[in-house]
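Undergrad: Sharing a structure with you now.
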Amino acid sequence: MKPNQLPDVSWYGPDGKPIDWNANGPSLTSIFGTAGLSDPAARLSCLCFMPADQPREFRTPAAAAGQKWRLFIDTAAEPPGDIYPEADGPLLEDHADVLDGHTLRCYVAE
């Protein structure tokens, strides 16, 4: 892996810090890297999982904060705002987002 390159998959707590599997509860963020992929359509992906009942803030992990993230899938939104098939959804502002309970959001890097 090259310097400043994200691994194939990395896991973080909703606070954006590396996950502590014994302390973070069910909420987590996963970043999927593109190292070694030659397809120009390959993009970094960030998935935020919120399985609990209450809303919670999610912070972008520092390792991925240098990216501009666009919303790709939001299971809490009504169609057609739930999926942006052209990967042209709204930008993630301030590298933080609040997810409602029992939802998933997927972002892709520009």
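Undergrad: From the list 29, 34, which one is of a type in the set (Ser, Thr, Tyr) and in contact with a Phe, Trp or Tyr (Cβ under 7 Å, 6 or more places away or on another chain)?
TA: That would be 29, the only listed residue that is of a type in the set (Ser, Thr, Tyr) and in contact with a Phe, Trp or Tyr (Cβ under 7 Å, 6 or more places away or on another chain).
Undergrad: Please work out if residue 93 is closer than 18 Å to residue 19 by Cα and of a type in the set (Asp, Glu).
TA: Values: closer than 18 Å to residue 19 by Cα: no; of a type in the set (Asp, Glu): yes.
So residue 93 does not fit the description; no.
Undergrad: What is the residue count in region 70-87 for residues that are out of contact with any Cys (no Cβ under 6 Å at 6 or more places or on another chain) and either surrounded by 12 or more Cβ atoms within 10 Å (Cβ to Cβ) or at positive phi (or both)?
TA: Total satisfying the criteria: 11.
Undergrad: A follow-up question, please. If you scan region 62-90, which residues turn out to be modelled with pLDDT under 95 and among the aliphatic types (A, V, I, L, M)?
TA: 62, 63, 64, 65, 87
Undergrad: Give the residue, chosen from 43, 59, that is touching a residue at least 60 places away in the same chain (Cβ under 8 Å), touching a strand residue (DSSP E or B) at 6+ places or on another chain (Cβ under 6 Å) and surrounded by 12 or more Cβ atoms within 10 Å (Cβ to Cβ). Spell out the reasoning first.
TA: Working: 59 fails: touching a residue at least 60 places away in the same chain (Cβ under 8 Å).
Exactly one residue qualifies, and that residue is 43.
Undergrad: Would you tally the residues in region 4-38 being more than 22 Å from residue 97 (Cα to Cα) and not small (Gly, Ala, Ser)?
TA: Of the residues in region 4-38, 7 are more than 22 Å from residue 97 (Cα to Cα) and not small (Gly, Ala, Ser).
The values are calculated or read from the model by the stated rules, or taken from the named source; none is laboratory data. No experiment lies behind these values; they were computed from the predicted model shown. Note that we place each Cβ from the backbone using ideal geometry, even for glycine, and neighbour counts take in every protein chain shown.
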